[in-house]
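Just dropping this structure here.
The values are calculated or read from the model by the stated rules, or taken from the named source; none is laboratory data. Computed from a predicted structure; not experimentally measured. We place every Cβ from the backbone using ideal geometry, glycine too, and count neighbours over all the protein chains shown.
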Amino acid sequence: MDMAAAKRKGAGAQAGGKGAGVKGAPKEMNRLVASNRRARHDYEIIDTVECGMVLQGSEVKSLREGRIALQDSYARIDDGEMWLFGVHVPPYAQANGFGAHDPNRRRKLLLHRRQIDEWMGKSKQNSLTMVPLKIYFKDGRAKVELALAKGRRQYDKRHAIAARDAGRDAAREARAATKNRS
């Protein structure tokens, strides 16, 4: 291949032409698959981190269809590796036999060693829980936003709801006051 042909080939891939991305699939930048809204209600979020997931092919296809359940899921550190438990990814409809996966299997999370060690120390020291907040695709790869959280008691939940409602009421009245002034 001569130099001019190499430049043309490289320019096509960079400009989003034929060589960019997966064949026949639109390039998805950041697409939310599922969020765990219950976790934000049940836990006080202390710290969050983005981590990758080790998935099988049929699991990725199920995630792209948006089929996942995050209720009652949590992460745990075993033997220096972080694992995600309780996530239900239903089998992909077209994957049967060899390509199928176990819907409730534990999934390995990808983090740097120092991050795992830091979170292990924090969770053991303060008796904190690691819960997934959301699962999304970033540059074509499945990511999990994991939170280090402390469980809320019932009265804490009521207090958080009351504070949120009070904030909404104050914002609503402020908007009404500025609207009436003009």
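Residues in the stretch 116-131: is at least one buried (at least 17 other Cβ atoms within 10 Å of the Cβ), under 19 Å from the mean Cα position of the chain (by Cα), of a type in the set (Phe, Trp, Tyr) and part of a helix (DSSP H, G or I)?
Within the stretch 116-131, one or more residues are buried (at least 17 other Cβ atoms within 10 Å of the Cβ), under 19 Å from the mean Cα position of the chain (by Cα), of a type in the set (Phe, Trp, Tyr) and part of a helix (DSSP H, G or I).
May I pose another question? When you look at residue 63, is it more than 21 Å from residue 116 (Cβ to Cβ), modelled with pLDDT of 85 or more and outside any loop (DSSP other than H, G, I, E, B), yes or no?
Working: more than 21 Å from residue 116 (Cβ to Cβ): yes; modelled with pLDDT of 85 or more: yes; outside any loop (DSSP other than H, G, I, E, B): yes.
The answer is yes for residue 63.
Yes or no: residue 127 assigned by TED's automatic domain parsing to the domain that holds residue 49, farther than 27 Å from residue 32 by Cβ and small (Gly, Ala, Ser)?
On the way: assigned by TED's automatic domain parsing to the domain that holds residue 49: yes; farther than 27 Å from residue 32 by Cβ: yes; small (Gly, Ala, Ser): yes.
For residue 127, the condition - assigned by TED's automatic domain parsing to the domain that holds residue 49, farther than 27 Å from residue 32 by Cβ and small (Gly, Ala, Ser) - is met.
Determine whether the stretch 80-103 contains at least one residue that is over 15 Å from residue 34 (Cβ atoms), among the aliphatic types (A, V, I, L, M) and modelled with pLDDT of 85 or more. Show your work before the answer.
Keep residues of the stretch 80-103 that are over 15 Å from residue 34 (Cβ atoms), which gives 80-83, 85, 91-102.
Pick out the ones that are also among the aliphatic types (A, V, I, L, M) and you get 82, 93, 95, 100.
Okay, now just the ones that are also modelled with pLDDT of 85 or more, so 82.
Yes, because at least one residue in the stretch 80-103 is over 15 Å from residue 34 (Cβ atoms), among the aliphatic types (A, V, I, L, M) and modelled with pLDDT of 85 or more.
Related question: Looking for something closer than 19 Å to residue 36 by Cβ, within 18 Å of the chain's Cα centre (by Cα) and at pLDDT 90 or above - is there at least one such residue anywhere in the stretch 148-157?
Checking the stretch 148-157: at least one residue is closer than 19 Å to residue 36 by Cβ, within 18 Å of the chain's Cα centre (by Cα) and at pLDDT 90 or above.
How many residues does the stretch 67-90 contain that are among the charged types (D, E, K, R), more than 14 Å from the chain's Cα centre (by Cα) and part of a loop (DSSP other than H, G, I, E, B)?
Step one: of the stretch 67-90, the residues among the charged types (D, E, K, R) are 67, 72, 76, 78-79, 81.
Then keep just the ones that are more than 14 Å from the chain's Cα centre (by Cα); that gives 72, 76, 78-79, 81.
Okay, now just the ones that are also part of a loop (DSSP other than H, G, I, E, B), so 72, 79.
Number satisfying all stated conditions: 2.
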